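Below: the structure, in structure tokens.
The values are calculated or read from the model by the stated rules, or taken from the named source; none is laboratory data. The shown structure was predicted, so the numbers you read here are calculated from the model rather than taken from an experiment. All Cβ positions, glycine included, derive from the backbone under ideal geometry; neighbour counts span all protein chains shown.
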Amino acid sequence: MSHCNSMENIPVGGRLIQFIEAWRYIKADKLVMMGIKSYWKSIQSPLILANNCKVPMKQRSKVSEAESSRLIQKELEDGIVDEVRREDLNWINPCFALPKQEKGKWREVTDSRIVNKHLCSNHFIMEDIHIFRGLLKTGDWMIKIDLKSAFHYIIVDKEF
């Protein structure tokens, strides 16, 4: 069986962990096992979010709503997200779909502004690739890789 065919049987969600031996070889296994971890600004933040857990009502076009449903259904099928009961939610990040420049293509957008207000963060702003010119020194290398849905491959810390 080829490598590509075997990848089809591995769910997309948290896929990096499936290759833990390779990560261990380059001494990055602890980072992959930990996954994404965030820290609350306040010990009260989870309670504040839970007490204000509601679905914001924003009007979207029927096409946008249909595309958003299609994208979410694909994520369910790919094992990226799980369906949960409303009463099990601690907060809600609204999702919607916006058209890409490429005709017929749509991008899923998750509005995390509410939860982000409660998280500690390190700011890194990359206005565009040209900003790196000022950072590069002789002998440095730079590569740009545009990975579609790359963040789905990383697990989220279970405590979060």
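Number of residues in the stretch 70-85 that are in contact with a Pro (Cβ under 9 Å, 6 or more places away or on another chain) and exposed (fewer than 14 other Cβ atoms within 10 Å of the Cβ) equals 0.
Working carefully through the options VAL32, VAL115, find the one that is under 30 Å from GLN18 (Cβ atoms), assigned by TED's automatic domain parsing to the domain that holds PHE19 and part of a helix (DSSP H, G or I). Exactly one residue qualifies, and that residue is VAL32. Figure legend. Inter-residue proximity from the stretch 68-89: first residues under 22 Å from LYS54 (Cα atoms) and not assigned by TED's automatic domain parsing to the domain that holds VAL115, second residues among the polar types (S, T, N, Q) and in a helix (DSSP H, G or I), beta-carbon distance below 8 Å, spacing 6+ or different chains. No pairs are indicated. In the set SER42, SER68, only one residue is among the hydroxyl-bearing types (Ser, Thr, Tyr) and in a loop (DSSP other than H, G, I, E, B); that residue is SER42.
Number of residues in the stretch 68-107 that are at pLDDT 90 or above and either on the phi > 0 side of the Ramachandran plot or hydroxyl-bearing (Ser, Thr, Tyr) (or both): the value is 3.
Looking at ARG60, ARG24, just one residue is at pLDDT 85 or above and outside the structural domain of LYS117 (by TED's automatic domain parsing), and that residue is ARG24.
Go through the stretch 73-95 residue by residue and tally those that are part of a helix (DSSP H, G or I) and either more than 16 Å from GLU108 (Cα to Cα) or touching a Lys or Arg at 6+ places or on another chain (Cβ under 8 Å) (or both). First the steps, then the outcome.
Initially, the stretch 73-95 is screened for residues part of a helix (DSSP H, G or I), giving 73-77, 86-88.
Subset that is either more than 16 Å from GLU108 (Cα to Cα) or touching a Lys or Arg at 6+ places or on another chain (Cβ under 8 Å) (or both): 86-88.
Final tally of qualifying residues: 3.
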